[in-house]
Amino acid sequence: MGTIYLDHAATTPPLKKVSEAIKPYLSYEYGNPSSIYQMGRKARAAVEQARKDVAKLIGANPGEIVFTSGGTESDNLALIGTALSLREKGRHVITTAIEHHAVLESCRFLKRLGFEISLVGVDSSGIVDPDDIRKEIRKDTVIVSVMHANNEVGTIQPVAEIAKICRESEVCFHTDAVQTVGNINVDVRELGVDLLSISAHKFYGPKGIGALFIREGCSVERLIHGGEQERGLRAGTENVPGIVGLGVAAEAAAGELEERAEKIAALRDALVEGILSSITGSHLTGHETMRLPNNAHFCFEGVEGEAVCLHLDACGVCASTGSACSSEALEPSHVLLAMGFGRELAQGSVRFTLGRRNTEEEINYLIEILPPIIERLRAMSPGISYGSRACANGVCSKEIDR
Ligand SMILES: *Cc1c(COP(=O)(O)O)cnc(C)c1O
């Protein structure tokens, strides 16, 4: 079976057609899109085709797509770019306690620049109440940012409702849709958003490339200064291979979105059912129905999520505790704390995020090996350095047999 990859919220394997499409642009198709001769024009055409494909995936106009280096830069450009552009109007920003660090740290930076930040909380399933946003909006509010779906617990927010409130108050609305674009249906007009962040490597594209949707008429200040690329909003020679890869991933997603999500959700449901029924003291976190089709996030009583993941790794299973960015910090997740989890239960969190290539066989294998891992860890006294001895301990002798 080989490695069982269940961490698609952290990153996804690039599609074969993505890798293939990129190749020429890493070798003989090396023209600069700004050059006027034929090789340059070919690169320009490839970039503009990708812009169309990305726009089509989210129901936007190509002219509303700005390519960036990924979800993080898109979030920075949306928050900081808008705040700087509208600083004469006011210095107040609203976001939520469960955002990705790319949004939270952008806000922290704005705070250092003199902006005031209001952090809205969530309920125990991770949902933001649109009324809580409405209550925070003031005359001097310049931007509201609420993520479309959370990267840890998978909760999908009532973004259309929140966007409507912002529109009525004439406040710019941004959503970090890095976890949803290419994975579930996302339409910028249906959602009614002004700004929306995209990252290619979260939907089978390459890393280091993303996009920001900027609705026509929104004013955003550039953060990267130099040439006039990307309508002056993002200077620097375009990442042509990355942009081509993003375009191909977007086109592929548009064609098989529903089929993918349906198949993945069925597997996810089997995984949730299998784990909850075989492990006592296990809790499914997040919302039951308003959640990403591929997300299964649990808190296990009496274990460290980190230790569970190390043991799973020894059995060839890739899963994570919290998000990829915070798992090194050993701090309980800010998302779980905001949802009201105690520190101890929050430490026992494990996230499985499925993808288009996962199989029933893989899920059955996981359901078989996880209960004894949890049991063993609970039996150990605290303070033991777990390392990755699961296989030596015989926990996954099945793995060795295979
Ligand atoms: C992964 C992720 C990001 C960061 O995207 P990068 O392309 O890795 O910079 C931002 N927001 C969310 C919700 C994410 O899951």
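The values are calculated or read from the model by the stated rules, or taken from the named source; none is laboratory data. This structure is a prediction, so every number in the text was calculated from the model and none was measured. Positions of Cβ are generated from backbone atoms using ideal geometry, with glycine treated the same way; all protein chains shown enter the neighbour counts. These area figures cover heavy atoms from the full protein model, side chains too; ligands, DNA and RNA do not enter into them. Shrake-Rupley method; radii C 1.70, N 1.55, O 1.52, S 1.80 Å.
Scanning region 337-382 for residues that are open to solvent by less than 60 Å² (accessible area, probe 1.4 Å) and either in contact with a Leu (Cβ under 7 Å, 6 or more places away or on another chain) or within 18 Å of L312 (Cβ to Cβ) (or both) yields a total of 25. Is there a residue in region 2-20 that is open to solvent by less than 30 Å² (accessible area, probe 1.4 Å), acidic (D, E) and more than 16 Å from the ligand (Cβ to nearest atom)? Checking region 2-20: not a single residue is open to solvent by less than 30 Å² (accessible area, probe 1.4 Å), acidic (D, E) and more than 16 Å from the ligand (Cβ to nearest atom). Annotation note: Cβ proximity below 8 Å between a residue of region 255-266 that is at negative phi and a residue that is in a helix (DSSP H, G or I) (sequence gap 6+ or interchain) occurs for R260/A253.
Let's see how each residue does on (1) open to solvent by 60 Å² or more (accessible area, probe 1.4 Å); (2) within 16 Å of the ligand (Cβ to nearest atom); (3) modelled with pLDDT under 95:
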| site | (1), (2), (3) |
| --- | --- |
| Q38 | yes, no, no |
| A43 | no, no, no |
| D75 | no, yes, no |
| E88 | yes, no, no |
| I94 | no, no, no |
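When we screen R231, R291 for residues that are charged (D, E, K, R) and either open to solvent by less than 60 Å² (accessible area, probe 1.4 Å) or in contact with a strand residue (DSSP E or B) (Cβ under 6 Å, 6 or more places away or on another chain) (or both), the only hit is R291.
Per-residue answers, yes or no, for (1) within 16 Å of the ligand (Cβ to nearest atom); (2) at pLDDT below 95; (3) in contact with a helix residue (DSSP H, G or I) (Cβ under 7 Å, 6 or more places away or on another chain):
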{"position": "A270", "(1), (2), (3)": "no, no, yes"}
{"position": "H283", "(1), (2), (3)": "no, no, no"}
{"position": "E288", "(1), (2), (3)": "no, yes, no"}
{"position": "H297", "(1), (2), (3)": "yes, no, no"}
{"position": "D313", "(1), (2), (3)": "no, no, no"}
{"position": "A338", "(1), (2), (3)": "yes, no, no"}
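Here E48 fulfils each of the conditions (1) open to solvent by less than 10 Å² (accessible area, probe 1.4 Å); (2) away from the ligand (no atom under 16 Å from the Cβ); (3) closer than 16 Å to A249 by Cα apart from (1).
For region 184-223, the set of residues classified as open to solvent by 10 Å² or more (accessible area, probe 1.4 Å), away from the ligand (no atom under 11 Å from the Cβ), in a loop (DSSP other than H, G, I, E, B) and more than 18 Å from G355 (Cβ to Cβ) consists of D187, G192, D194, R215, E216, G217, C218, S219, V220, E221, R222, L223, listed by residue number.
Listed here are the residues, each with its yes/no results for (1) within 10 Å of the ligand (Cβ to nearest atom); (2) in the same structural domain as M339 (by TED's automatic domain parsing); (3) surrounded by fewer than 24 Cβ atoms within 10 Å (Cβ to Cβ).
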| residue | (1), (2), (3) |
| --- | --- |
| I143 | no, no, no |
| V153 | no, no, no |
| E161 | no, no, yes |
| K164 | no, no, yes |
| R167 | no, no, yes |
| C172 | no, no, no |
| D176 | yes, no, no |
| G182 | no, no, no |
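Number of residues in region 98-127 that are assigned to a loop (DSSP other than H, G, I, E, B), surrounded by 15 or more Cβ atoms within 10 Å (Cβ to Cβ) and more than 14 Å from the ligand (Cβ to nearest atom) equals 4. Residues in region 61-73 that are open to solvent by 10 Å² or more (accessible area, probe 1.4 Å), more than 9 Å from the ligand (Cβ to nearest atom) and assigned to a helix (DSSP H, G or I): P62, G63.
Of E256, E230, E238, E216, all but one fail to be of a type in the set (D, E, K, R), at pLDDT below 95 and over 21 Å from A102 (Cα atoms); the exception is E256.
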